[in-house]
1. Please go through the stretch 18-40 and pick out each residue that is acidic (D, E) and either within 25 Å of A115 (Cα to Cα) or surrounded by 15 or more Cβ atoms within 10 Å (Cβ to Cβ) (or both).
2. Consider the stretch 1-13. How many of its residues are over 16 Å from E62 (Cβ atoms) and either surrounded by 12 or more Cβ atoms within 10 Å (Cβ to Cβ) or in contact (Cβ under 8 Å) with a residue 12 or more places away in the chain (or both)?
3. Could you identify the single residue in A134, A141 that is in contact with a Lys or Arg (Cβ under 9 Å, 6 or more places away or on another chain) and closer than 23 Å to L63 by Cβ?
4. Could you give me the residue pairs with C-beta distances under 7 Å whose first residue belongs to the stretch 42-58 and is farther than 15 Å from S11 by Cα, whose second residue is in a helix (DSSP H, G or I) and among the basic types (K, R) wherever it lies, and which are 6+ apart or on separate chains?
5. Those residues that are more than 10 Å from the ligand (Cβ to nearest atom) and among the hydrophobic types (A, V, I, L, M, F, W, C), I need them from the stretch 100-115; list them, please.
6. Has the stretch 89-109 got at least one residue that is closer than 23 Å to R33 by Cα, assigned to a loop (DSSP other than H, G, I, E, B) and without any contact (Cβ under 8 Å) to a residue 24 or more places away in the chain?
7. Looking at R23, R7, R46 in this structure, which one is of a type in the set (D, E, K, R), more than 12 Å from the ligand (Cβ to nearest atom), closer than 22 Å to R99 by Cβ and at pLDDT 95 or above?
8. Within the stretch 116-128, which residues are within 16 Å of the ligand (Cβ to nearest atom) and either closer than 20 Å to R99 by Cβ or not in a loop (DSSP other than H, G, I, E, B) (or both)?
Amino acid sequence: MSEIRIRPGTSGDREFVEHLGKRTLVDSVAAWRHSSPPMLDIAFERLLTFVYDQPHHFLIAELDGKRAGFVLTIHSLPDEVTLAPQAFIAYMSVEPDMRRAGVAAELLKHTERAARDLAMPYIALMVTEENEAARNLYESAGFITERRLLCKIL
Ligand SMILES: CC(C)(COP(=O)(O)OP(=O)(O)OC[C@H]1O[C@@H](n2cnc3c(N)ncnc32)[C@H](O)[C@@H]1OP(=O)(O)O)[C@@H](O)C(=O)NCCC(=O)NCCS
C-alpha cells in the first residue's frame, strides 16, 4: 500500500509548487472563460508572491517518498463580511499521476489541524463550479457553500 507523508514545505520546495501549480491552474478556469497559458502562469506567480508575503502555512505531501502535492493556506485573510478570522486555502494541487490515492484528503486533514491549533474558527476557500474533483473533495470533508461568485459574459 502507498505511504503518504505530510511535512512542512521549505524554500527548496518552491520550484515544485510553481511547476505543479502552473500545470494545474487551468482546472480552475470555467469552460466559457477565455484564458491563455501565459496569463495563467502570471496569475499563479502573482498568487505565490501574495501568499509568501502573508502569514501562511505551507505543506508538502509525499507519496512513497516522492513529492506528490502541496497546499498553501493564508492565516491573515479574515472573512470579508464578518471579519471573523479564518484559515483560507489559497491553492492545493496534486500531481496528475498521483491522484485518487488520498493525498489531497490527507493534506486537508493536516491543514485543518493546523488551523484548529491556531484557534481559527473557520476554514474557507474558493472553488470553480466546474471543478468537480475539488468540489467533491471539499464536500466530502464537510465544507458547505457559503456564497456564490456570479459572473455574466458581456
Ligand atoms: C482536487 C485535487 C487536489 C484532488 O486531489 P487527490 O489527491 O486526487 O484527491 P484525493 O485522492 O484525496 O480524493 C479525496 C476525495 O475527493 C473526491 N475526488 C477527488 N478527485 C476526484 C475526481 N477526479 N472526481 C470526483 N471526485 C474526486 C473524492 O470524493 C475522493 O474520495 P474517494 O477517492 O474516496 O472517492 C486534484 O484533483 C488536483 O490537484 N486538481 C487540480 C488542482 C485543483 O483543482 N485544486 C483545487 C483548487 S484549491
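The values are calculated or read from the model by the stated rules, or taken from the named source; none is laboratory data. What you are looking at is a predicted structure, and each value in this text was computed from that prediction instead of being measured. So basically every Cβ, Gly included, is an ideal-geometry build from the backbone, and we count neighbours across all protein chains shown.
1. Once the filter is applied, which keeps residues that are acidic (D, E) and either within 25 Å of A115 (Cα to Cα) or surrounded by 15 or more Cβ atoms within 10 Å (Cβ to Cβ) (or both), the stretch 18-40 yields only E18.
2. 0
3. On inspection, the qualifying residue turns out to be A141.
4. F44/K22
5. A114, A115
6. The answer is no; no qualifying residue exists.
7. Values: R23 fails: more than 12 Å from the ligand (Cβ to nearest atom); R46 fails: closer than 22 Å to R99 by Cβ.
Every option except R7 fails the conditions.
8. Matches in the stretch 116-128: I123, A124, L125, V127, T128.
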